[in-house]
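The values are calculated or read from the model by the stated rules, or taken from the named source; none is laboratory data. Fair warning: this is a prediction, and the values are worked out from it, not measured in the lab. With ideal geometry, Cβ positions are generated from the backbone for all residues, glycine too; neighbour counts draw on all protein chains shown.
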Amino acid sequence: MDIETCLKKLSYVGVLDFATVDENGAPQVRNISAIHYEGTTLYFLTARGKSFARQLKSDGRIQILGYTKYKETIRLSGKVTEVPENEQIKWRDILYSEQPYLENVYPGETKNIDTMFMLKDYTIEYFCLSTRPITREYFAVGEAKVIKKGYWISENCIGCGICQSICPQRCIEEGIPYVIQENHCLQCGNCFENCPAEAVIRY
């Protein structure tokens, strides 16, 4: 898997879940299909009066999620910025040309209420449940940096093998210490909860 393939898969999915945080710190999710892919940058729009636009302007943090028919979850996490004023119409018109249904939503001059946002720096988490063991990969786009998640096994490991025996994906290799294959880890925490030496550490 790679960045370009992840984005191509998202474009095939079409309608994606966009999650933000509101002024009370509560999560807010909505479906968005008005998306334009330009290289690794995503452009999308919403009306300036919507809560979605206010949340993007005040906080900017976003997660975008798509799920394919092949049991693949692709999640983008980053911070959006509003497209510069002198480029707003350019990108809006490109999006409208690709998504003709938008003319039914905001016909004629009413589309001037739209504002364009872009996501340039973000991480991608690719997670596929249709392989055995499962597949998990992380990518960084632009200035973003991947923050590790999951578990690893420290030097406190006593080599008992309990973690390996209870791993649902059998992705722990024998050794001193035992080693978790992070690209195949469910991050379920089974090894963490059952290690007698407390050698399994959460990132």
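Below are the figures for this structure:
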read-out	value
Restricting the range 16-30 to residues that are small (G, A, S) and free of Cβ contacts under 8 Å to residues at least 24 places away in the same chain, the residue that is farthest from G66 (Cα to Cα)	G25
Candidate set from the range 152-165 (those that are part of a helix (DSSP H, G or I) and closer than 11 Å to V200 by Cβ); member that is nearest to the chain's Cα centre (by Cα)	C163
Residue within the range 130-137 that is of a type in the set (K, R), touching a Pro at 6+ places or on another chain (Cβ under 8 Å) and outside any helix (DSSP H, G or I) present	no
Whichever residue in the range 152-203 is of a type in the set (D, E, K, R) and closer than 18 Å to R132 by Cβ and, among such residues, is surrounded by the most Cβ atoms within 10 Å (Cβ to Cβ)	E182
Test: L56 is in the same structural domain as E98 (by TED's automatic domain parsing), in contact with a Phe, Trp or Tyr (Cβ under 7 Å, 6 or more places away or on another chain) and in a helix (DSSP H, G or I)	yes
Within the range 46-73, considering residues that are in contact (Cβ under 8 Å) with a residue 12 or more places away in the chain and farther than 16 Å from R30 by Cα, the one surrounded by the most Cβ atoms within 10 Å (Cβ to Cβ)	E72
Single unsatisfied condition, K79 versus (1) within 22 Å of F127 (Cα to Cα); (2) crowded, with 16+ Cβ neighbours inside 10 Å	(2)
Any hit, the range 32-40, residues being part of a helix (DSSP H, G or I), closer than 24 Å to T123 by Cβ and either modelled with pLDDT of 95 or more or not assigned by TED's automatic domain parsing to the domain that holds R132 (or both)	no
